[in-house]
Amino acid sequence: MPRRAAVFLLAGFLPTPVFAQATEAWEAPTLTTTRYDEDWSDLADKDKRDHHWTGEFKYIPIADDAWLSTGIELRARNENYKNSLWGSAAPPSDSYLWVRALPYADLHVGKVRAFAQPIIAYAVGVQPSAGPIDQTRADLLQAFGEVDLGPLTVRGGRQMLSLGSERLVGTRYGPNVPLAFDGVRGIVTVGKAKVNLLAVKSVTPGTGNFDDRTSATEALWGAYATIPHLDLYYLGYRNRAARFGGILGREERHTVGARYFGASQDWHWNIEAAGQFGHFAGQKIRAWTLATELGRSFSSLPLSPDATLRFNIVSGDTEAGDGRVETFNALFPKGKYFGELSPIGPTNIISVNPRVSAELGEGVSASLAGMGYWRYARADGVYDIPGNLVRAPGNSRARFIGKEVEATLAWQATAELELSTSLSLFAPGAFIKETGPAKTIRMIGLEANFRF
């Protein structure tokens, strides 16, 4: 995409793209990335619908016990890279435009529900060519039926999944084409506890019209329980075409984990630990991860700053050819994992990430973050977010991968429209310098996002 086209955009990616839609007399649900979690039933009261122009779209009465909710997301995102993957990408410098439209319709008839969300996603200027996360043209992102059986809700069909902090199962919202799954989901609610039971397969998007298909190789199943301030989960994963250390084989991996999160007064925290076991191509799997986040808000200070420190450790393979795979598999993590610029993913890594954000007023917010990355295991390399090896260990004994700084600026122009921008720099460390091209990555992100 010509760079001058970026002048018409001002944006950046929202790590957690949700906001409350303000109205004159009622508080609307928080908008979510999946959209089906939003409950607009309160707008059965016509007086409430009349308080905002979106009300007539969010609740459309059909009969006494039937109503329809609709909405849309329109997003345009421009990314400008220089020295992508430290100069080893093809091409190392690129500038492109992602555009997508995500309309949806949510039909409720008594205890039965049908949800449908098509996607129209195109990419302009991606070199050497647009891939399946860049564009899928016109396709069906979500389509499921649901039955409410009281404490149990059963949902079957195609749907996006967002579990916990999306460290293991997320929507991949940042790239142009989100991730969906085909299968069955049961949601059990007992008091304040909720348990998600899953048996699904990932959806493999194509770059043409209506060519997205259920994966023939990947499957996910398990249980994810949430009670106040605590998540407990087991996730089973199978991939018949997995690749580690240059070996192609069948992988079956089991993940057991817990997440402790919450907020008290000015403090907030999010701590998660998980262990993995199973087998890959005749080798035993033994892997683990620990992710911590501790933050404090200073609401009494000007601009109400919030300071957060994140520290992650993710296991890697300590010795090749020993009959064990210690490389952690993040399964289906969120896109833009560590920030706007995330050339490396949560595998074989130690990372430290301090971040400060502030409200500048008039709907404008800003953040400044720094990141440092090290290899956990010297015998293992560096991976991207999907788990592909981007730098083999070679003969390097260095741990330091590099350091990054990132600044973001966002403006909530209206309840529906956000404009934002980001600037990121990733300077290579000793490991990158010893194993290939080692130039500083530069990335500017611009985004406009309209949603209701």
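Any read-out appearing in this document is the output of simple, stated calculations on the displayed coordinates, not a laboratory observation. Fair warning: this is a prediction, and the values are worked out from it, not measured in the lab. Positions of Cβ are backbone-derived with ideal geometry, glycine not excepted, and every protein chain shown enters the neighbour counts.
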Worksheet, complete the sentence: Counting only backbone N atoms under 15 Å from a point 7 Å out along Cα-to-Cβ of Thr318, the residues of segment 343-361 in range are 348-349
Response to the item:
Ordering 35-45, 329-339, 158-168, 207-217 by per-residue average of other C-beta atoms within 10 angstrom, highest first, gives 329-339, 158-168, 35-45, 207-217
Worksheet item: Residues with amide H under 5 Å of Ala180's amide H, sequence separation 5 or more or different chain, H placed in the peptide plane at 1.01 Å from N; which?
Response: Val203
Practice prompt. Would you mind checking segment 93-109 for residues with the amide N under 15 Å from a putative spin-label position 7 Å along Cα→C-beta of Asp65?
Written response: 108-109
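Apply 1/(1 + (r/R0)^6) to the Cβ-Cβ distance of Ser300 and Phe450, taking R0 = 35 Å, and write down the FRET efficiency to the nearest 0.05. If you can, show how the numbers build up before the last one.
On the way: r = 34 Å, r/R0 = 0.98.
The formula returns an efficiency of 0.55 here.
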Fill in: Chain lengthening between Trp269 and Ala392 when straightened (0.36 nm per residue, less Cα-Cα)
40.9 nm
Worksheet, complete the sentence: Under 11 Å by backbone N from the virtual spin label 7 Å along Cα-to-Cβ at Ala281, the residues of segment 319-351 are 321
Item to complete: Distance between Cα centroids, segment 136-155 to segment 278-344: provide it in whole Å.
Response: 30
Worksheet item: Which entries in Lys334/Lys439; Lys58/Lys192; Lys82/Lys433 show an alpha-carbon gap greater than 20 Å?
Response: Lys334/Lys439; Lys58/Lys192
Worksheet item: So what are the ³J(HN,Hα) numbers for segment 361-366, from phi and the Karplus equation (6.51, -1.76, 1.60; θ = phi - 60°), rounded to whole Hz, Gly and Pro as x?
Response: x, 6, x, 9, 10, 9
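Among bridges DSSP assigns within the chain, what percent are antiparallel (round to 5)?
Values: 195 of 198 bridges.
Just about 100 percent of them are antiparallel.
Report the local net charge at Arg158: Lys and Arg +1, Asp and Glu -1, summed over other residues whose C-beta lies under 12 Å from its C-beta.
Numbers: positive: Arg155, Arg185, Lys201, Arg213; negative: Asp139, Asp182, Asp212.
With Lys, Arg at +1 and Asp, Glu at -1, the net is +1.
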Worksheet entry | Summed residue charge, Cβ within 11 Å of Ala225's Cβ, Lys/Arg positive, Asp/Glu negative | +1
Discussion item. Run lengths n ≥ 4 of DSSP H only: what is the helix-derived mean residue ellipticity at 222 nm for the chain, with -39500 (n - 2.57) per run over all residues, to the nearest 500?
Written reply: -500 deg cm²/dmol
Worksheet item: If you stretched the chain out fully between Val124 and Ala216, how much longer would it get, using 0.36 nm times the residue separation minus the C-alpha to C-alpha distance?
Response: 30.2 nm
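Could you work out how much longer the chain between Ala427 and Ile72 gets when fully extended? Use 0.36 nm per residue separation minus the Cα distance between them, nm to one decimal. Intermediate values should be presented prior to the final figure.
Numbers: separation 355, 0.36 × 355 = 127.80 nm, distance 3.83 nm.
The Ala427-Ile72 span can extend by a further 124.0 nm.
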Worksheet item: Using the Cβ atoms and a cut-off under 10 Å, what net charge is assigned to the surroundings of Glu38, where Lys and Arg are +1 and Asp and Glu are -1?
Response: -1
